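So the structure is just underneath, and the comments pick up after that.
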Amino acid sequence: MTQTRQPQRIHNPASIDAAALRAAIAADGKVIVQFGEHFAPEPLLADLDALAATCGAALEIRFYGYHFTAFDAAILRALPHAANLSLDCHTSAVNLETLGELRHLRRLQLGVYELEEHGILALENLRTLEYLSLGETRKANIDLAPLRHWPQLTRLHTTGHVKNIDAITALPVLKQLSLSQIKSRDEVDFVSAMPALTQLRFILGGRASIAHVTAPLLEELEVVRVRGLEDLGDLGRFPRLRCLSVEDQIKVKELRLSNPALECLILRNCKTLERLAGIAALPQLGKLAVYLTQLDIDALLAAGMPPALKQLSFSTGQKKRDDMIRARLAQLGYAEARFY
């Protein structure tokens, strides 16, 4: 949910311009050099590896979109200093065990739909990873048990992979967790046992409730298009929550808010949402953005807005009505709140 500046992407470059890439890193903190399926990058990899040796994780090297041929990971032997690697949007891949030879790797995004190496995370050198993103696979059976031996992992995204996911409760610095396409039959109780979690995202998948999920240090919660979700529970159980975003949840009718630290609330396309219990008493709420709900702006204003609120947007999807609301909010002194 936290917004960051998007890094520059260099697509299928004819050469490696080290000075330009360093300048991009200086400006944005990161740069991405990416190669598609029908491009032969081999002549460039020595120069790219030399840059990786000095730039570390600020240089992301990406191989993506191999749909008609298998991505051959043996090419990674030419990048022994790669610290930030993305192998994603591939239909299939071979020689993925080559990942085990990359001793400087700190960040990995892996997305191979026909992945057969369900034990790939057992490669010993991966234990020093700080960030891992696992994309969708046909079988969704990557074994997450080896993650218990990854003490430096701070961020994890998984798309449907839950086998032995409770292993991550042993990780002392895992702060950011994104769960995508988690089925309703898969329990998420393990979240409550994560000692350092500050950011949690549920996207897609399905379940009726997350009311039982706790996380005492949680600061950001995002819930997007979780099928069948009706109940988020009393959100006051997250006493440090600063940012809450709920999007495309057509069965959620009420949010119960008693969060003393909540600063930002974003609600998009929650078409049955009709009540925000406790919103007027939120002492730190400075930003509220509402789009396509059953909430009544007149009732909200009449009940009183939090005194700290400075940014407020409210849209019904009806242009004439929305223009009137926008003018009224501006007259009341509110700046427009951005949804992202």
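Please treat every number below as a calculation from the coordinates, not as lab data. Since the model is a prediction, treat every value here as computed from it, not as a measurement. Note: ideal-geometry Cβ built from the backbone for every residue, glycine included; neighbour counts use all protein chains shown.
Report whether or not ARG268 is surrounded by fewer than 21 Cβ atoms within 10 Å (Cβ to Cβ), outside any loop (DSSP other than H, G, I, E, B) and touching a residue at least 12 places away in the same chain (Cβ under 8 Å).
yes
Going by the structure shown, is LEU276 more than 21 Å from ALA330 (Cβ to Cβ), in contact with a helix residue (DSSP H, G or I) (Cβ under 7 Å, 6 or more places away or on another chain), assigned to a strand (DSSP E or B) and not polar (S, T, N, Q)?
No, not satisfied.
Out of the residues in the stretch 111-141 meeting the condition of being assigned to a strand (DSSP E or B) and under 17 Å from the mean Cα position of the chain (by Cα), tell me which one is farthest from VAL94 (Cα to Cα).
Within the stretch 111-141, the match that is farthest from VAL94 (Cα to Cα) is TYR131.
ALA19 versus (1) outside any loop (DSSP other than H, G, I, E, B); (2) surrounded by 15 or more Cβ atoms within 10 Å (Cβ to Cβ): which is the lone unmet condition?
(2)
Which ones in the stretch 78-95 are part of a loop (DSSP other than H, G, I, E, B) and surrounded by fewer than 20 Cβ atoms within 10 Å (Cβ to Cβ)?
Hits for the stretch 78-95 are PRO80, HIS81, THR91, SER92, ASN95.
Can you tell me which of PHE63, PHE68 is of a type in the set (A, V, I, L, M, F, W, C), surrounded by fewer than 19 Cβ atoms within 10 Å (Cβ to Cβ) and outside any helix (DSSP H, G or I)?
PHE68
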